[in-house]
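Worksheet: one structure, shown below.
Here, each number is a calculation from the coordinates, and none is a lab measurement. These numbers were taken from a predicted model, which means no experiment stands behind them.
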Amino acid sequence: MNAYFRLMIFDLRLYMRDWLTIFWTLVYPILMLLIFGLIFGDNPGIKEGTRYIDYYVPALCAMNVMSVAVFTLNINMVTYRDSGILRRFRVTPIRKSAVLASQSVQGLLLILLGAIEIIGVAKLVWNIHISPMSLILLIVSLLFGCIGFFSLGFALSGLSNTPGAASGIAMAIFFPFLFLSGIAMPLEIFPNFLQRISEWIPMTYFVQAVQSVWMGESIQTLGLEAMVLAIFAVVCGVLAFVLFKWEH
């Protein structure tokens, strides 16, 4: 247990020194919020009496989960392997599961900080309504989504031998998911063929889930979204353990 806590502290120190991690999790979401929010924020939302910003805030929180997964966890694991850190861990009592768990804890902290930042800025600038129950259900939904997307990030880290290659793979996944899942713009304004493509992207169902609970819908109505995300988590979880490597 002491070794595990020392590992978490070690990881946390490295995370706080990584400018790329800070940018993608704490700076980029706010830039997206301000850019799209100032352009579309007060436009009418899907439901009567709602605004674009009401749907955009939870979508950005979901985006942060994906960002932490494919950029932070993926690239950091590859960096650890490339620099020999994982190889040194291998000769200690630290197990593979402990390494992944420590990285996941850091990821959760970043997502929590990012969500607080996004909601806080949106409240300050657009005076969004924040329901305590919706906030609780949003956190639950984000945590559920973390299972699959964190597993995806760990699985991707097994495909790259250098941080540069890991970054390239991350971008190839992040930006299509970003624009085809309804984060930046509602899917309803997309052409039909893009809407059909979005139905095959797990991120689409994650975004719909967090938007629904944030807007006050019961979590019991999210059967399809929960099923898709559960299958996604199982598949990516298996791949994460299969593809994990201590060294090149």
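Miscellaneous remarks
- Residues of type lysines that K245 reaches as a straight line, Cα spacing below 20 Å, ignoring anything fewer than 8 places off in the same chain: K96
- Cα gyration tensor shape of the stretch 2-243, rounded if a/c is under 1.5, else prolate or oblate by comparing a/b with b/c: prolate
- Acute angle (nearest 10 degrees) that the helix 132-157 long axis makes with the longest principal axis of the chain, alpha-carbon atoms: 40 degrees
- For T50, the amide hydrogen comes within under 5 Å of the amide hydrogens of G45, counting only partners 5 or more places away or on other chains and with H modelled in the peptide plane.
- In Hz, Karplus ³J(HN,Hα) per residue of the stretch 106-121 (6.51, -1.76, 1.60; θ = phi - 60°; x = Gly, Pro): 4, x, 5, 4, 5, 5, 4, 4, x, 5, 4, 5, 4, 5, x, 5
- The stretch 94-200: C-alpha gyration tensor shape, a/c 1.5 cut-off, then a/b vs b/c: oblate
- Each part gets one Cα centre, and for the stretch 21-47 versus the stretch 83-142 those centres are 19 Å apart.
- In order along the stretch 21-37, phi translates into HN-Hα couplings of 4, 4, 5, 5, 9, 10, 9, 4, x, 5, 4, 4, 4, 5, 5, 6, x Hz, rounded to whole numbers, per the Karplus curve 6.51 cos²θ - 1.76 cosθ + 1.60 with θ = phi - 60° and x for Gly and Pro.
- Qualifying lysines (Cα of each under 30 Å from Cα of K123; at least 8 residues distant if same chain): K47
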